[in-house]
Amino acid sequence: MTHGRTRGAGLLAAIALCLAGGEGAKGGEVADKYRQIAMKVAAAAQADSTIYRTLGEFCDAYPKRLSGSANLERGIDWLVARMKAEGWNVRTQHVMVPHWMRGNESARMTSPIERTLPMCALGGSIACDRLRGEVFVVSSYDDLTKNAAKVRGKIVLFNVPFTHYGETVSYRVGGAVAAARHGAIGSLVRSVGPFGIQTPHTGGMSYNDSVTKIPHAAITMEDAMMMQRMQDRGQKIEVEITLGGHWMADAPSRNIIIDIPGSELPNEVVCMGGHIDSWDLGTGAMDDAGGCFAAWHGLNTIRKLGLKPRRTLRVVFWTNEENGLRGGKAYEEQTRHEKHVLGIESDEGTFAPLGFTTSSGGDTLFAFQDACTLLEPLGVTYVRNGHTGADTGPLEDKGVPVLSLNVEDSKYFWYHHTEGDTIDKLRPDEVNKCAAALAIMGFVFADK
Ligand SMILES: [Zn+2]
């Protein structure tokens, strides 16, 4: 999803004006006004690690929360009950979501050596039963085109080293179409991540109706590099793949909403949150229950301190971010009777928070940077232009300014979409700092 496209100037100006605190608001004024509150929120959020234990309990009980799965809906039921027990007026928004199921899968090398290959189908891939074929390894789409004559009737392996997610993921998403265009019978990708210990990474892929659909799966970085060495040595590589991926009918799911209604402008909303669905590998602790729970802890902290913002401050757990974005779209559609002034998303892991990226400029960016000075004690030092989140995308497309929480993510893609996405990868103090950063930014713009 591209960001930073032009929007409704009038609405933008109106929101920028209210975000910048009206005519004549000088830099620093906002920070001065909210400094005491920010310090209280930061101290309170960091003093209580209950949320980390609750996050562990949730991820241990409801892992693999892929859209359409029973685990996702049971997890949502559990959350709704927990929030109700905390006294929140919990609402859910009904959303129909796509439902892909993985089924049974396996891969093994049959030549030049016999070996089982750790692997996983990519989300949306078709099934196949013991598909056997010779493998041809390519290092890029250009390399594929150059070797087009050699891949017909074979299984193409995209052995592409990780550069950055935005770039390398294109082989996961589009590899099957590119390989099929040259007559390949199947395609494999080197797992999208900078570091691995024989861990396959899943994630979404897509087909094109004008091109033959071929099975598409990920193998480990180690095995992709091994096949490259074998090909470079002139050895013939053969594998046998079985995938069980298939689509079921769309299934019901829900976004979850809790909020502190605005004391003066209840119809004006600042929302913050993350996505509660995950892929069906691992427990989705880092991606993205941590983001959800950090926002929840932030709002709990604001309520505990008895703070009542002028506008509504809301936490949203969006469903179906990973393979359809139906939750984010439904949220925007079902809240059009309200006026959103800001959307804040945490979907980059909840490691040490560092800053925010936004597509807004001008007064809005200035207002964000001013408020962000309150977060320096948390190690959050910047608001700058850059990528923004998927779930706040539909709001952003309607002209609502959005922020995406950036964190120290050097290990994020080690575990991204793997069985290794578990609570032990996160630290309670860092989850609490993310909660404080979200709560302070949210409160300032809900109140000023
Ligand atoms: Zn995510």
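For this structure, a couple of remarks:
- In the context of the full set of protein chains, residues of the chain present 38 Å² of accessible surface per residue (probe radius 1.4 Å, heavy atoms only).
- Members of 40/304; 33/308; 304/339; 33/339; 40/308; 150/236 lying beyond 18 Å, as alpha-carbon distances in this model show: 304/339; 33/339
- Against the rule of thumb 2.2 N^0.38 Å, how large the Cα Rg of the range 103-244 comes out: 0.92
- Residue-count net charge about residue 177 - beta-carbon cut-off 14 Å; Lys, Arg +1, Asp, Glu -1: +2
- Simple Cβ-charge dipole of the chain, Lys/Arg +1 and Asp/Glu -1, about Cα centre, in debye nearest 20: 360
- Cα convex hull volume per residue for the range 388-448 (Å³): 103
- For the range 123-213, the Cβ-based charge dipole about the Cα centre amounts to some 260 debye (Lys, Arg positive; Asp, Glu negative; other atoms uncharged).
- Cα lying deepest toward the dipole's positive end in the chain, options 285, 97, 367, charges on Cβ: 97
- Axial C-alpha extent at least 18 Å, average Kyte-Doolittle at least -1.0 - helices from the chain (DSSP): 29-47, 70-85, 165-181, 290-304, 428-447
- Dividing the mean sequence gap of close Cα pairs (under 8 Å, 6+ apart) by how many residues the range 231-357 holds gives a relative contact order of 35 percent.
- For the range 103-244, averaging the sequence separation of C-alpha pairs within contact (under 8 Å, six or more residues apart) and dividing by the residue count gives a relative contact order of 39 percent.
- Theoretical ellipticity at 222 nm over the chain - DSSP helices of four or more residues, -39500 (n - 2.57) apiece, nearest 500: -11000 deg cm²/dmol
- Percent RCO, i.e. relative contact order, over the chain, from Cα pairs under 8 Å lying at least 6 residues apart: 23
- Across the chain, the volume of the C-alpha convex hull divided among the residues equals 136 Å³ per residue.
- For the range 56-110 versus the range 314-393, the inter-centroid distance based on Cα atoms is 23 Å.
- Kirkwood hydrodynamic radius (C-alpha pairs) into Stokes-Einstein, the range 79-141, 20 °C and 1.002 mPa s, D in µm²/s: 128
- Cα lying deepest toward the dipole's positive end in the chain, options 406, 418, 353, charges on Cβ: 418
- Taken over the range 145-218, the ratio of Cα radius of gyration to 2.2 N^0.38 Å equals 1.07.
- The range 113-185 versus the range 192-263: alpha-carbon centroid distance in Å: 11
- Fraction of accessible area attributable to carbon and sulfur, the chain (%, probe 1.4 Å): 54
- For the range 326-400, a simple Cβ point-charge model (Lys and Arg +1, Asp and Glu -1, everything else neutral) yields a dipole of about 120 debye relative to the Cα centre.
- Semi-axis lengths, Å, the range 297-448, gyration tensor of Cα atoms, sqrt of 5 times eigenvalues: 23, 20, 16
The values are calculated or read from the model by the stated rules, or taken from the named source; none is laboratory data. Being a predicted model, the structure only gives us computed values, none of them experimental. We place every Cβ from the backbone using ideal geometry, glycine too, and count neighbours over all the protein chains shown. Just so you know, the surface numbers come from the protein's heavy atoms only, side chains and all, with ligands and any DNA or RNA stripped out. Shrake-Rupley method; radii C 1.70, N 1.55, O 1.52, S 1.80 Å.
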